[in-house]
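Everything below concerns the one structure shown next.
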Amino acid sequence: MGGTSSQDHSGRMRSALAGGARGSRGVWRGRGARVRGNQSGLTFIEVLVSVVVLTIVVAPMFDAFVRGRVLVAHRAEERVALRLVERKVEQLLLAGGACADSVANITSRSMSVGTHPANSTIVLMTRGDNDPSNDVIGDLTWNVTDQVWSDPSGSWNDATYKRVAVQLAWPQGAHRDSVSIVLAVE
């Protein structure tokens, strides 16, 4: 038979007919080189392009998830801060405009003119890990000023009120956010 033989990758001897096809698996040419008819598998360039495309698609999605999580945590801090300010406003309203206690922390209900309290530290949120250094800490203050409204026409008597501005700013030491409520107390 006028064919040549060569060795394939498994070490077996194969015979190739001169110019002949070798079934559907490919054609043998020269020393062990084989060209397949149905190429399967990926080249290095195809894999590299796939990785780049995947990175371009996945990186912004990952960033969006991270930003979303940060936004949810920030909104939770704002909700807690607003609840704490509302609670302090309710305490001050219940105490009335004449209350003048001498407590120097956030439990005070003093309505005397000035900024209260001397120690304004409040824990906004605990992270649940029993480590106080991870807690979100803020400053809760309220400023009381006297306000007088008078009627220029003289049809009613002057009204004296206290303007109370309650504010919670956090984090302590580098205030990034704040929530405040301003009210008038008789």
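The values are calculated or read from the model by the stated rules, or taken from the named source; none is laboratory data. Values in this document were obtained by computation on a predicted structure and should not be read as measured data. Using ideal geometry, Cβ is built from the backbone for each residue, glycine included, and neighbour counts are taken over all protein chains shown.
Regarding A98, is this residue over 27 Å from R79 (Cβ atoms) and either assigned by TED's automatic domain parsing to the domain that holds H74 or not hydroxyl-bearing (S, T, Y) (or both)?
Yes, satisfied.
Suppose we filter the range 102-141 for residues that are part of a loop (DSSP other than H, G, I, E, B) and either among the charged types (D, E, K, R) or surrounded by fewer than 18 Cβ atoms within 10 Å (Cβ to Cβ) (or both); how many remain?
Adding up the residues that qualify gives 17.
In the range 87-101, what count of residues is obtained for those that are among the charged types (D, E, K, R) and surrounded by 13 or more Cβ atoms within 10 Å (Cβ to Cβ)?
So the answer is 2.
Name, by its number, the condition in (1) modelled with pLDDT of 90 or more; (2) of a type outside the set (D, E); (3) within 30 Å of N119 (Cα to Cα) that does not hold for S102.
(1)
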